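Bear in mind that the values in this text are calculations on the coordinates, not laboratory data. These figures come from a predicted structure and were not determined experimentally. Cβ atoms come from the backbone with ideal geometry, glycine included; neighbour counts cover every protein chain shown.
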Amino acid sequence: MPTAFPPASSATRVARAGAIVLLAACGGGGGSTPPAPLSADQKIYESLELHGGTYTLGWSLPYGGGTLVSGTDYFYSDSTGGLSVSPSLGPQTEQPATATLDPLLALPARPPTRYLAGGQILTRGADAQRRVSYAGSAVQIEYLADDGQTGVETAQFSGFAEVALGGAMVNSAEELQAQYPITDWANANNFIANAAWQAGAAYTKRQGALAADAYFAQDCTNVYPAVTTTGTSLHPCRAASRLEDIFPIVLYGSNGHPIEADALTDGAIGTVQGLRMWVASAPIPLDQNATTAYRIYFEAGGNVYMGHVWKSGTAFGYNQSDGSVVSYTIGLNQAAVQSVQAALITGATQPGSELGSTALPGTTLDLFGVGGHAVNGALAPVDLATHYGLPAGLDGTGQTIAIVDAPGSGNVADDLNVYSQAFKLPPCNAANPCFTNIVLGSPVPPASTDWGVEVALDTQMVHAIAPGAHILLVTAASASGADLLAAVNFAAAQPGVTAVTLSATIFGEPVASYQNEDTLLAGFQANQGTIFFAASGDGGNSWIGTGYPASSPYVTAVGGTRIVSVAWAGPSSEVAWRYSGGGASSYAAMPAWQSAYVGSAIVSANGAMRAAPDVAAVADGQHSAVAIYYKQRWLMSGGTSAGAPIWAGISALFGQYLAGKNASLAAKVKATPGGFNGLLYQSALTQGANPGFHDIVAGSNDLSGVACAVCAAAAGFDDVTGIGTPDVGNLFTYY
């Protein structure tokens, strides 16, 4: 049943009859008009739909292969259901179906999609009916709500191409394996050896576009952890409220990082489907939705809810299994699906290779347009090297970077080696043992705090900047602040560690605990010359302040930026990230090494407290993401969690650079007031025509809408990007 919102006007309700129209030939004069000849696209479409339908696959393979476990994993097909009559004779209704490909594997629970149609919330499950007709030379599909009557989305498909399949399945076309990673399944021992396509197997490509606006309703994500509801009851953005009252509004991702901030002026309020609705002027970044979408907020039942709209004429984008996004989708015929089913093994025991697909996808959409060379135009190691001026000949050899993270799932070493192979970096293996993991507690993360993606991001960013350095991953006993700081202290105590990096922000602990930890960090800095990096956080300057350890004067706090152009062409090439954490420390006074650089206005704006961040690096995962590899998929990532390990990698290059001059980075850190921060601020004070920093002068992290003196990037120091981002070659020449 739809949610009991006030009824919309009859003019806005969407409902159509679901009858199948059949045309019969009549003898004598006055017979019915024969159907128009089929287009090439329609002929290919019917070759599938009149012979069993079109299939897609869904799966959950255990990472590393081995065993598909009943009750945990699944491998299934989605079928359109097929048609018995050509749509050239009139609209036809088809019944999709989902089926497991192995009797030992249950189907996953998949929540329905929720639409806003006719001013009501309607649900559409995976097996809800569809109505098919022909529109000119295209195939038109109207997706019906679970009531079997109301159309909630209409699309037209064209550009059909059919490709026959034969021979060994692992040798199939790259475009097919981008969507269905058959080689990975075979390598993971989830497929029989030498699995082959059956006779008649084929796949079909097609492109699609919206033929009418489609409105989606969602639980509002302006709180973290997110509140998830079922059925047609949605979690509102604000109860008993009007649209104007919710702005500015910040939305959060599944990891608690902010992914979107909307102001009232970012869109316009009008009446849609009889409801007051705010529609954004600019689309949601494509990393959130492969198809171009626009954020909406709407009033219903006295509350404000969230959703998005796909506008008529918008082309669909499709996520592939390798992390890329393409403009076409691939369907299989019955013989192809039967081939997969025949090849599937449940209960295999050999561990299998965990390498997966090592090559970057060949054809993807450029989501960012910044000049990136990785999947979807994301940033590759070569892009970071170009943008930040990494000196040729330096790779961090002889240095050790310690990374502290909470437990995460996935095979870190294997992900790192796939990343290395794809970008032609040195692998970490028996011949080159450049990766070590010390686990201080259980290696299995609780389901609620799986840091697997974070671990992949941290290790791969260090390796991208300093591929010759040794990476020491210290896995904390848990994600608690106490356990993370215990792991930091453990890592710093290991012999030969150049720097320790932590991509976490800790809040709410007693000031005394921060002061006690500072005493330990000060000792590591003074006695061993250890450097500490921490992400400044992803909450902008409107959240709950700068967390620890970024707020510590013994830590280099790293803020975030957005890269506009990989090739540096002046200040417009990089701007402040709107979610870069920053602000005054809640407990530590501003040290002399910082106040000497920032000036009296910044000192005053921060209440004479230690200001963060100190420096910055790329963090905007929506407009200039870095590419990482995790669990056999390429992902786009970001956050100040990327900037901290990037700077840790730079410190490894710095240590190698000084060692080549018979000097010691650790000795300089010990001898300089402020340690590594003191070195950075000194160089910023004294360098002339070729500064070691790009001063970020555009952008703001003020999400509150309230005037904030230190929330805008400006010449010199600011609480968004600190001194700025590195020009590493110039920075090193100072020393």
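Below is a table of values for the structure above.
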| quantity | calculated |
| --- | --- |
| Angstrom value of the Kirkwood radius, inverse mean 1/r, which spans all Cα pairs in segment 482-615 | 15.7 |
| Mean Cβ neighbour count within 10 Å, used as a protection proxy, ranking 690-697, 97-104 highest first | 690-697, 97-104 |
| Kirkwood Rh, angstrom, the chain [1 / mean 1/r, Cα pairs] | 27.9 |
| Angle between the chain longest axis and helix 511-528 axis [Cα atoms, degrees, rounded to 10] | 70 |
| The chain: angle of helix 412-422 to the longest principal axis, Cα-based, in degrees nearest 10 | 80 |
| Two-decimal ratio, segment 259-302, of alpha-carbon radius of gyration to 2.2 N^0.38 Å | 1.22 |
| Degrees, to the nearest 10: 40-49 long Cα axis against longest axis of the chain | 80 |
| Cα centroid separation, segment 65-127 to segment 481-557 (Å) | 48 |
| Helix-only mean residue ellipticity at 222 nm for the chain, each DSSP H run of n ≥ 4 adding -39500 (n - 2.57), per residue, nearest 500 | -6000 deg cm²/dmol |
| Ordering of 616-622, 403-409 by burial proxy (mean other Cβ atoms within 10 Å per residue, highest first) | 616-622, 403-409 |
| Largest-first principal axis extents, alpha carbons of segment 214-310, Å | 33, 26, 25 |
| Neighbourhood net charge (14 Å Cβ-Cβ; Lys/Arg +1, Asp/Glu -1) for Q622 | -2 |
